[in-house]
Amino acid sequence: KAGVTQTPRYLIKTRGQQVTLSCSPISGHRSVSWYQQTPGQGLQFLFEYFSETQRNKGNFPGRFSGRQFSNSRSEMNVSTLELGDSALYLCASSLGLAKWETQYFGPGTRLLVL
Amino acid sequence: KQEVTQIPAALSVPEGENLVLNCSFTDSAIYNLQWFRQDPGKGLTSLLLIQSSQREQTSGRLNASLDKSSGRSTLYIAASQPGDSATYLCAAPQGGSEKLVFGKGTKLTVNP
């Protein structure tokens, strides 16, 4: 069974631009969560989607948005990029049906904002 | 609000040593706790998930315990190997949601 895949793996953008990251969950998984990882703040939850609906949201500004498609693939968009948005963005998938499920993470997209 | 703390932040041991990594959480009303491993520049690999009804979970040389009443979990690694060198993260859910709150991790170095 293929794992969680994320594209692209690396991105370099400049301040003010916008970026879209993609995540394909494990086949059959309907929940996709996004996390931002920085050296200073560690791993922080962005949002979670289940069956095309945002089910949970973290404490990030509105510049961070996401969506999920009918095939459970998810995209995350960051508009008006700031230097502080440089981070490793990780997505995780699970079946999303029960509270005790393991979440499986992808390799991440490393974003550098210049 | 869930807060997760991991001690120590870094640990260096000789190969073959048994070791314990610690994780504490503030909201004990959790339904599970998960331990992950992260290699430099890579994503997270799930190691063990302990459900709230369990006290321990084992996988190979790894054993994780969970004590909800004290808000603590430990990850025991037996007979450590250089390949175990990585950052180990524990994560507990926020309230009853899917949102995971992570500790800052313990960076483990196993010296040959």
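The values are calculated or read from the model by the stated rules, or taken from the named source; none is laboratory data. Everything numeric here is computed off the predicted structure, so don't read it as measured data. Here the Cβ positions follow ideal geometry from the backbone for every residue, glycine too, while neighbour counts run over all protein chains shown.
Things worth noting here:
- Residue check, B:Gly41 touching a residue at least 24 places away in the same chain (Cβ under 8 Å) and either at the interface with another protein chain (Cβ under 10 Å from one of its Cβ atoms) or assigned to a strand (DSSP E or B) (or both): no
- Boolean, B:Ser46 is without any contact (Cβ under 8 Å) to a residue 40 or more places away in the chain, within 14 Å of another protein chain (Cβ to nearest Cβ), over 28 Å from A:Leu88 (Cβ atoms) and surrounded by 13 or more Cβ atoms within 10 Å (Cβ to Cβ): no
- Selection within region A:40-73: residues that are closer than 26 Å to B:Lys104 by Cβ and small (Gly, Ala, Ser). The member of this set that is modelled with the highest pLDDT is A:Gly66.
- Note on region A:63-87: among residues that are surrounded by fewer than 20 Cβ atoms within 10 Å (Cβ to Cβ) and assigned to a strand (DSSP E or B), the one that is farthest from the other protein chains (Cβ to nearest Cβ) is A:Asn77.
- The single residue among B:Arg61, B:Arg55 that is among the basic types (Lys, Arg), more than 17 Å from B:Gln6 (Cα to Cα) and at pLDDT below 95 turns out to be B:Arg55.
- Here A:Ser51 passes the criteria (1) in contact with an Asp or Glu (Cβ under 8 Å, 6 or more places away or on another chain); (2) hydroxyl-bearing (Ser, Thr, Tyr); (3) loosely packed, with under 13 Cβ neighbours inside 10 Å except the one numbered (1).
- The set of residues in region B:52-70 being surrounded by fewer than 16 Cβ atoms within 10 Å (Cβ to Cβ), of a type in the set (Ser, Thr, Tyr) and not in a loop (DSSP other than H, G, I, E, B) consists of B:Thr58, B:Ser59.
- Residue count for region A:88-104 under the criterion of being assigned to a strand (DSSP E or B) and either without any contact (Cβ under 8 Å) to a residue 24 or more places away in the chain or farther than 13 Å from A:Glu48 by Cβ (or both): the result is 3.
- Residues of region B:1-38 that turn out to be surrounded by 21 or more Cβ atoms within 10 Å (Cβ to Cβ) and not in a strand (DSSP E or B), as a count: 1
- Condition met for B:Ala79 (at pLDDT 95 or above, exposed (fewer than 14 other Cβ atoms within 10 Å of the Cβ) and either more than 9 Å from chain A (Cβ to nearest Cβ) or assigned to a loop (DSSP other than H, G, I, E, B) (or both)): yes
- Residue in region B:94-102 that is of a type in the set (D, E, K, R), within 14 Å of chain A (Cβ to nearest Cβ) and touching an Asp or Glu at 6+ places or on another chain (Cβ under 7 Å) present: yes
- Among strands (runs of 3 or more DSSP E) entirely within region A:16-57, having at least 3 residues that are within 13 Å of chain B (Cβ to nearest Cβ) and without any contact (Cβ under 8 Å) to a residue 60 or more places away in the chain singles out A:31-38, A:42-50, A:53-57.
- Yes/no for B:Ser73 being at pLDDT 95 or above, crowded, with 20+ Cβ neighbours inside 10 Å, touching a Leu at 6+ places or on another chain (Cβ under 9 Å) and not in a strand (DSSP E or B): no
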